[in-house]
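K.L.:
This is the structure I have questions about; it appears just below.
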Number of protein chains: 2
Amino acid sequence: MANNMDDEDKKKKTDTQELKNVKFLPFSSCMDPGFWNKLCQQKLNEYRLSEDAIPIKGYYCNYLAENLPSFLNIDHSAWDIDDDVGTKHYKVLGSLKILNTIEDFKNFNYTKHLEDEGRMIWSEVMTKGPFKDPSLLNRFSLVTFPNLKKFTFHYWCLFPSLCPNKKFTIEGHPVNVNDCFSLDKMQKFVENYDKFKNELLQHQQSKNSCCAFLIDENDMNVHPFSYIQSLNEEEKKDHKIMLGFADPSTANSKPGWSLRNLLVLLSTHCYDLLNGKVRVLCLRDRTSNGVRHISHSIVLNVCLVRIDPQSDCPNVIGWERNSKEQLGPRFLDLSSGMDPYNLSESAVDLNLKLMKWRLVPDLDLEVISNSRCLLLGSGTLGCNVARCLLGWGVRNITFVDNARVSYSNPVRQSLFNFSDCLDGGKPKVACAAASIKQIFPLANAVGINLFIPMPGHPIPGINISQLHDSTCQDITHLIELIRAHDVIFLLMDTRESRWLPTLLGRSMEKIVLNVALGFDSYLIMRHGVGFSEVTKSDGVEGAWKVVPGSQLGCYFCNDIFSPGNSHLDRSLDQQCTVTRLGVPYVAASLAVELLVSLLNHPLKGQASAEIVNESVDGLPDSKEVSILGAIPHQIRGFLSNFCNIMPVCRSFNMCTACSQPVLEAYKRDGIEFLVKSINEPSSLEELTGLTKLHTDTKDIKIEELSDNEVSD
Amino acid sequence: MANNMDDEDKKKKTDTQELKNVKFLPFSSCMDPGFWNKLCQQKLNEYRLSEDAIPIKGYYCNYLAENLPSFLNIDHSAWDIDDDVGTKHYKVLGSLKILNTIEDFKNFNYTKHLEDEGRMIWSEVMTKGPFKDPSLLNRFSLVTFPNLKKFTFHYWCLFPSLCPNKKFTIEGHPVNVNDCFSLDKMQKFVENYDKFKNELLQHQQSKNSCCAFLIDENDMNVHPFSYIQSLNEEEKKDHKIMLGFADPSTANSKPGWSLRNLLVLLSTHCYDLLNGKVRVLCLRDRTSNGVRHISHSIVLNVCLVRIDPQSDCPNVIGWERNSKEQLGPRFLDLSSGMDPYNLSESAVDLNLKLMKWRLVPDLDLEVISNSRCLLLGSGTLGCNVARCLLGWGVRNITFVDNARVSYSNPVRQSLFNFSDCLDGGKPKVACAAASIKQIFPLANAVGINLFIPMPGHPIPGINISQLHDSTCQDITHLIELIRAHDVIFLLMDTRESRWLPTLLGRSMEKIVLNVALGFDSYLIMRHGVGFSEVTKSDGVEGAWKVVPGSQLGCYFCNDIFSPGNSHLDRSLDQQCTVTRLGVPYVAASLAVELLVSLLNHPLKGQASAEIVNESVDGLPDSKEVSILGAIPHQIRGFLSNFCNIMPVCRSFNMCTACSQPVLEAYKRDGIEFLVKSINEPSSLEELTGLTKLHTDTKDIKIEELSDNEVSD
Ligand SMILES: [Zn+2]
Ligand SMILES: [Zn+2]
């Protein structure tokens, strides 16, 4: 009866008092840079273009100093949703939605997302599950567009809260806990609370539920939140039940945001039990100067709003305001704070992965980026091939050349500048390697100053007695280089210099890409790789146009095998300094693209080749394709009509560079065979029966010439 | 009789004396850097690849101090063969042979050249012309390979001298002139010599002949060299004739090289007259400390060698020795001494001119290099287009963009380095322009930071009241830019941004080259230029595939006109950040090559276009070509099969960018029409009746987004 009286009295009081709306301090999202970093990694390596919601966790605490924002922390551990957040933190589960473009982010339906998130809370309320685990009422959602190239982030956080039609009101003012309870009662509460919390923390299942609890004001006993369900009207009379929650708020007069949904839960299921009111302990559990105290906690007498559990989901609010206190997303620029090398690496990585994610899911980027590429020749072709490789993610690029940068180079050779020409010109290879590192510091670019030995061109300035040793040395160096690389690009400007690397590349089963230029035409050719029984194509219809990779010809097979093209070939290699500007650009890019397509074929260099024709829909009219399309044996292009043709030819059994007699002689006699072939080209002729590779030079004695060969 | 006795006596004496061979001091070529400079200019601008002998002149003097080499000077005036060389210099005519490659220089038939040059002297001897003009016996020849890129020169000088079977000998030792003549006689000689020389120098024809003369020892009178021909045996007895010549030698005991052929002339025609001997005054005419003296002159008694004028040409000698005193060419490196900017300019110039000289004589390099090019967009395409233009000699390049360099850019965008990405990234346009100047300092590269106004994309961050003015300003800026350039490249990554420059370019009759990229495909298109009556193609067979330049469509015509290609078009412009690496490289180069071919067509942008097919021999199968080949309307290429197709389409009469209603509205309403179209795209739709160019963006209020658009 006394209780009833008290209640009646109170009701009268409140009727006369002016009821104030409860003001809640919203959460402030606090994103650790580690979170964004991890997000970028996850997106690059796992989510890619998926926009599915990803479960993550955040946490808040109730020990923050006065006037700090009510932080909801999200850090690098956000993805480990089952992990503990520590005894002083309260876990909040959330969802992460990563959008792929700024347009998607702009056009995202934030209203619908809010409603969806609200409905999730409401369904929890309806199931009464939060009585057992009140943390189910705490949720957040993060919508973001991470610009992985720039390391900038657009994001917007939602802390969904259900809003009954009427607002929660408060009787009187929020009161400090010290003004409500005696010191004795306070101590008793703390003891009981710690005991209660420790018990819950023992068990994985109950851990999270300690964010809210009940207090019996009579004895300051602390009960789990679910305790309220076990009380019947009768029992309830013997208790003076109070709601307690770990309050993230730091404001004197405002409870934290997480109280909202707790009140909705009580309003929905316990309005009558509580007579429409609940006394709330907003527990703020601080430690300052080594002393723990809860004296900043406040107590509110909240008037509930009856909510019909059968009703529709109440309104939802909860989008965070931005720095201008407006409802809108936030923007974060982390680029300055991050290691620029990492930024560069991630940005380049992303560009490539986007290609895979958006268009060619089976694209093997690693087989490309892991290819160690040897570029023989660092002129117009070498520079552009290197740039294209770099763009494809290739890290290991070795330049070989023995020329210096001259004044005519920079406008055509994209790795050199005017300043590289001064004082006689820097060595091209060192200059090119340095340039690559200026473009992408993490690239492993190396320059090797080496004259590639070639038949009929003994190393200049060397007398006969030194000749053998010197040639040996250069050959050995070239062998080592070819062995240490996966792909060999022949980008020189003389025919003869291609002989040795062609032979060595074939012998070591490397992918060899040969590029030769004419005035307005170019030839790109992948040499045959691997060995197999030569099959006779006779009698098999169409076999003439499909050749296994192991039987594809090399640059030196070509003339003889296709005499009809000899005019073209003669024009190549002799005019490299007077090509139309586009020729080396187009040829270099197509050579790299052919490589990339080839590397994406299961057989790599051993993939068959056939003549490719254009088809109406722009797709290659060929069965011999990789996931990227055609992998022709040769691409011969003409700027005079902007057309490419794609002949295919078998290796020639008398070829001076790739035929069996030559390869066997090398296998048998090793470097000695090579030295002999280079110093006495006639020996090579004898072996294969072919005409000389070189034209004799008159033996007029001209000492100064040798060091000043024209090169470009 | 007395004379006879004397002669007999002398003969006896000489018989008993040991006769020594006359040693001649050879000429040393002395090439002024100005000569090489002029040679480079002449080769670049006039001779080009011609190897014809070019007449030049050199000169020597007889006043050099003792022990200096006997210089034959060749300087920048060498080409002015008729010009005076000054009264103290003696002109020598010569020939200049410029070889084009180091191989040509190595393989040059120096022996034959020597013989040829000798025969020229011999034919002069036989004609007796040198009696009238003894300078005809002095000749030189210069064979050179000038490396115009490096400003290094290989050269070899020849001073051809005929050698009789027996050598010229000398009686006794060379004697100083002071020991031969009294002071009185010497003074008399000088007076007579000066008078003689001055008379000859009065007349152009006789000027050069003063290099040799005759002296009557009796009275020290000086006679022209031809005087000897007028003497008969009788007259000769009354004179004591002595040969005088301006001696370039500085050696005490050796006459200069120019005496050789004089002695051959006398040996051939005057052996008997002179009784096989001639006394020679090697006149060295110096001035030291303001005093003129000839006291270093020497006198020789030379025994001639009888030469039958009917005989074959005697042996010839005369190749100069090099710095190692060996018979071989010399090498000169002028690169360090020259202005590097000039070196760079000449080297670049040469590369282009070689193309013209060797392969396309009618190539108009100036129409290319004089083109002022506006590059709208400074990403992957913009960088590569600029590089190709630079290589073609284009000096005026203006970049327009409003983005900053980001970390993913450098590996794809060939004008940027890693360091350009730091601290938020440099503005692309400034960075690109600076990079161009680092490549070629004489280029005029400018960067304009400008957002290109586009329909449906009002300038961000601007409220309605500012909008009009701001749009106006940007449009005005773009109009000025397009007006100030000849060629407009559209290299942006959005479709909408191409609208305004397409319209303006068409309106101002500029060449507009539009490049758009897909993942592994590209489109290069030249927009129509000029205005003409639209001709109906109906009924004319084949007319569908040839379209006059004025009727060619633009990028916005295309979709509608060729709905079958809409899939391709949609894929363009939307994925530029995820193209295969080769796509922008190939597309940029082909766009520049298309421009270059187009500029070499007499009609330039107004040239007709037709569908181009490849033909068997690689030449374009089209009548509508420039001297460089095909000038298709569009090039659509596919890396999936390495093929290009070349569709052609007429302008569409409802095109939003190039149709008559649009162009007329702009002509009528000027900028106001453009502003309206951009700020209210629906007005454009109404005008043309076409669907919107843009997709609406949701109007959610997102302040921070605007400044952080994704771009690449
Ligand atoms: Zn071969
Ligand atoms: Zn159009």
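K.L.:
Can you tell me how many residues in region A:292-322 are more than 43 Å from the chain's Cα centre (by Cα) and open to solvent by less than 60 Å² (accessible area, probe 1.4 Å)?
P.N.:
Residues in region A:292-322 being more than 43 Å from the chain's Cα centre (by Cα) and open to solvent by less than 60 Å² (accessible area, probe 1.4 Å): 16 in total.
K.L.:
If I go through region B:628-652 residue by residue, how many of them are over 15 Å from B:Val547 (Cα atoms) and either within 13 Å of ligand 2 (Cβ to nearest atom) or without any contact (Cβ under 8 Å) to a residue 60 or more places away in the chain (or both)?
P.N.:
6
A quick yes/no check of all residues on (1) in contact with a Lys or Arg (Cβ under 9 Å, 6 or more places away or on another chain); (2) assigned to a helix (DSSP H, G or I); (3) not assigned by TED's automatic domain parsing to the domain that holds A:Leu114:
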site	(1), (2), (3)
A:Asn301	yes, no, no
A:Val305	yes, no, no
A:Leu350	yes, yes, yes
A:Lys353	yes, yes, yes
A:Glu366	no, yes, yes
A:Ser378	yes, no, yes
A:Leu390	yes, yes, yes
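K.L.:
Inside region B:156-237, counting only strands (runs of 3 or more DSSP E) that do not spill past its ends, which hold 2 or more residues that are touching a Ser or Thr at 6+ places or on another chain (Cβ under 6 Å) and surrounded by 14 or more Cβ atoms within 10 Å (Cβ to Cβ)?
P.N.:
Numbers: elements: B:169-176, B:212-216, B:221-224.
The strands (runs of 3 or more DSSP E) meeting that bar are B:169-176.
K.L.:
Another question, then. (1) assigned to a loop (DSSP other than H, G, I, E, B); (2) modelled with pLDDT of 90 or more: which one isn't true of B:Leu64, the others all being true?
P.N.:
(2)
K.L.:
Check A:Glu325 against each of (1) within 14 Å of chain B (Cβ to nearest Cβ); (2) in a loop (DSSP other than H, G, I, E, B); (3) surrounded by 15 or more Cβ atoms within 10 Å (Cβ to Cβ) and name the one condition it does not meet.
P.N.:
(3)
K.L.:
When you check B:Ile397 against the structure, is it touching a Ser or Thr at 6+ places or on another chain (Cβ under 9 Å) and either assigned by TED's automatic domain parsing to the domain that holds B:Leu581 or open to solvent by less than 10 Å² (accessible area, probe 1.4 Å) (or both), yes or no?
P.N.:
Working: touching a Ser or Thr at 6+ places or on another chain (Cβ under 9 Å): no; either assigned by TED's automatic domain parsing to the domain that holds B:Leu581 or open to solvent by less than 10 Å² (accessible area, probe 1.4 Å) (or both): yes.
For B:Ile397, the condition - touching a Ser or Thr at 6+ places or on another chain (Cβ under 9 Å) and either assigned by TED's automatic domain parsing to the domain that holds B:Leu581 or open to solvent by less than 10 Å² (accessible area, probe 1.4 Å) (or both) - is not met.
K.L.:
Mind checking whether some residue in region B:328-341 is touching a Phe, Trp or Tyr at 6+ places or on another chain (Cβ under 9 Å), more than 8 Å from chain A (Cβ to nearest Cβ) and assigned to a helix (DSSP H, G or I)?
P.N.:
yes
K.L.:
For the condition touching a Phe, Trp or Tyr at 6+ places or on another chain (Cβ under 6 Å), under 29 Å from B:Leu332 (Cα atoms) and either small (Gly, Ala, Ser) or within 14 Å of chain B (Cβ to nearest Cβ) (or both), what is the one hit in A:Asn417, A:Asn402, A:Asn409? Please lay out each step first, then the result.
P.N.:
Numbers: A:Asn417 fails: touching a Phe, Trp or Tyr at 6+ places or on another chain (Cβ under 6 Å); A:Asn402 fails: either small (Gly, Ala, Ser) or within 14 Å of chain B (Cβ to nearest Cβ) (or both).
The unique qualifying residue is A:Asn409.
K.L.:
Would you pick out the residues in region B:345-365 that are open to solvent by 40 Å² or more (accessible area, probe 1.4 Å) and free of Cβ contacts under 8 Å to residues at least 24 places away in the same chain?
P.N.:
The answer is B:Leu359, B:Pro361.
K.L.:
From the residues in region B:138-163 that are facing another protein chain (nearest Cβ under 9 Å) and of a type in the set (S, T, N, Q), which one is farthest from the chain's Cα centre (by Cα)?
P.N.:
Checking each candidate, the answer is B:Thr152.
K.L.:
Could we say that B:Ile368 is farther than 30 Å from B:Gly447 by Cβ, more than 8 Å from chain A (Cβ to nearest Cβ) and either out of contact with any strand residue (DSSP E or B) (no Cβ under 6 Å at 6 or more places or on another chain) or open to solvent by less than 60 Å² (accessible area, probe 1.4 Å) (or both) here?
P.N.:
No.
K.L.:
Out of (1) in contact with a strand residue (DSSP E or B) (Cβ under 6 Å, 6 or more places away or on another chain); (2) open to solvent by 10 Å² or more (accessible area, probe 1.4 Å); (3) not β-branched (Val, Ile, Thr), the odd one out for B:Pro255 is which?
P.N.:
Status for B:Pro255: all satisfied but (2).
K.L.:
Something else about it: Across region A:123-143, which residue is least open to solvent (accessible area, probe 1.4 Å) among those that are among the basic types (Lys, Arg) and in contact with a Leu (Cβ under 9 Å, 6 or more places away or on another chain)?
P.N.:
So the residue we want is A:Arg139.
K.L.:
Taking region B:582-627, which residues are assigned to a loop (DSSP other than H, G, I, E, B) and modelled with pLDDT of 90 or more? Don't jump to the end; show me each part of the working.
P.N.:
Initial filter on region B:582-627 (assigned to a loop (DSSP other than H, G, I, E, B)): B:600-603, B:607-608, B:611-624, B:627.
Answer for region B:582-627, where residues must be assigned to a loop (DSSP other than H, G, I, E, B) and modelled with pLDDT of 90 or more: B:Asn600, B:His601, B:Pro602, B:Leu603, B:Ala607, B:Ser608.
K.L.:
Those residues that are crowded, with 18+ Cβ neighbours inside 10 Å and either in contact with an Asp or Glu (Cβ under 6 Å, 6 or more places away or on another chain) or facing chain A (nearest Cβ under 9 Å) (or both), I need them from region B:420-437; list them, please.
P.N.:
Within region B:420-437, B:Cys421, B:Gly425, B:Lys426, B:Lys428, B:Val429, B:Cys431, B:Ser435 meet the criteria.
K.L.:
Also: Could you check B:Val291 against (1) free of Cβ contacts under 8 Å to residues at least 24 places away in the same chain; (2) touching a strand residue (DSSP E or B) at 6+ places or on another chain (Cβ under 8 Å) and say which number it fails?
P.N.:
(2)
The values are calculated or read from the model by the stated rules, or taken from the named source; none is laboratory data. Everything numeric in this text was worked out from a predicted model, so none of it was measured. Cβ sites come from the backbone with ideal geometry, for glycine too, and all protein chains shown count toward neighbours. Ligands, DNA and RNA are stripped out before the accessible areas are found, and what is left, the full protein with its side chains, is counted by its heavy atoms. Shrake-Rupley method; radii C 1.70, N 1.55, O 1.52, S 1.80 Å.
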